[in-house]
Amino acid sequence: MQGITWSFIPLNENEQRYYSGLHKLCQADTSGKLSASKVGELFKASQLPPESLHQITEVCGAKRLGYFGTAQFYVALKLLAAAQSGLPIRLESVTFGT
């Protein structure tokens, strides 16, 4: 999953603006890496069960990498939205051709 970038995920203009704003809120510093605690707070606000949040972290690749980069964060946000809509937590739920 390391090769997956957010450009493979269909984002409309509103999603691009919204996700970019959330990304800025979760940035720990100017390196672009995200604060794990801020990302955790954001994900908990989704009110999804902890098991679902854990699965999202695995599917987006952040668990394997040990951090959320921009690509993993955007994929995770799409997965959160998909899960909240009742879709399965898997990449096919948020990529083209689904």
### Query
Would you say residue 25 is in contact (Cβ under 8 Å) with a residue 24 or more places away in the chain, hydrophobic (A, V, I, L, M, F, W, C) and more than 23 Å from residue 86 (Cβ to Cβ)?
no
### Task
Go through (1) modelled with pLDDT of 85 or more; (2) surrounded by 14 or more Cβ atoms within 10 Å (Cβ to Cβ) and name the single condition residue 95 misses.
(1)
### Task
Please indicate, with yes or no, whether at least one residue in region 46-62 is surrounded by 19 or more Cβ atoms within 10 Å (Cβ to Cβ), among the small types (Gly, Ala, Ser), at pLDDT 90 or above and in a helix (DSSP H, G or I).
no
### Message
Going by what's in this entry, would residue 42 be described as part of a loop (DSSP other than H, G, I, E, B), among the hydrophobic types (A, V, I, L, M, F, W, C) and surrounded by 14 or more Cβ atoms within 10 Å (Cβ to Cβ)?
### Response
no
### Message
Residue pairs, Cβ under 8 Å, 6 or more apart or interchain, first in region 64-75 and within 13 Å of residue 19 (Cα to Cα), second among the hydroxyl-bearing types (Ser, Thr, Tyr) and not in a helix (DSSP H, G or I). List them.
### Response
71/5
### Query
Is it the case that some residue within region 53-60 is within 11 Å of the chain's Cα centre (by Cα), of a type in the set (Asp, Glu) and over 14 Å from residue 9 (Cα atoms)?
yes
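The values are calculated or read from the model by the stated rules, or taken from the named source; none is laboratory data. Remember, predicted model here, so these are calculated numbers, not experimental data. Note that each Cβ is placed from the backbone with ideal geometry, even for glycine, and that neighbours are counted across all protein chains shown.
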